[in-house]
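> Structure in structure tokens, see below.
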Amino acid sequence: MGWDQCTAEGSEIAQLRVWMGLTWREKLEATERMSELALKFLAYRKKAGLPYIDPYTGEVVPGSRN
């Protein structure tokens, strides 16, 4: 890691370089894992009564917590 990665732009470029170096299969597997994690976060927020964005409608669902 170099100093050029210590900015938002530099970090994004470094991440894109890593992504471009992955095979098609690795990219597909990574995307599947990210989707699974997003669904876990969504389930947690629903269970905890926290607000969330509905992935199907794009609308904000207010939480039930006070």
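> Are there any pairs with C-beta distances below 7 angstrom linking a residue in region 37-53 that is closer than 14 Å to GLY63 by Cβ to a residue that is β-branched (Val, Ile, Thr) and not in a helix (DSSP H, G or I), with the two at least 6 apart or on different chains, and if so which?
Close Cβ pairs (under 7 Å, with a partner that is β-branched (Val, Ile, Thr) and not in a helix (DSSP H, G or I)) amount to PRO51/VAL60; PRO51/VAL61; TYR52/VAL61; ILE53/VAL60.
> Kindly check whether there is at least one residue in region 1-9 that is assigned to a helix (DSSP H, G or I) and surrounded by 10 or more Cβ atoms within 10 Å (Cβ to Cβ).
The answer is yes; a qualifying residue exists.
> Going through region 10-52 one residue at a time, which ones are surrounded by 10 or more Cβ atoms within 10 Å (Cβ to Cβ) and not in a helix (DSSP H, G or I)?
LEU22, GLY49, LEU50, PRO51, TYR52
Read the figures in this text as sums done on the coordinates, not as results from a lab. This one's a predicted model, so the numbers in the text were calculated from it and none came from an experiment. Cβ atoms come from the backbone with ideal geometry, glycine included; neighbour counts cover every protein chain shown.
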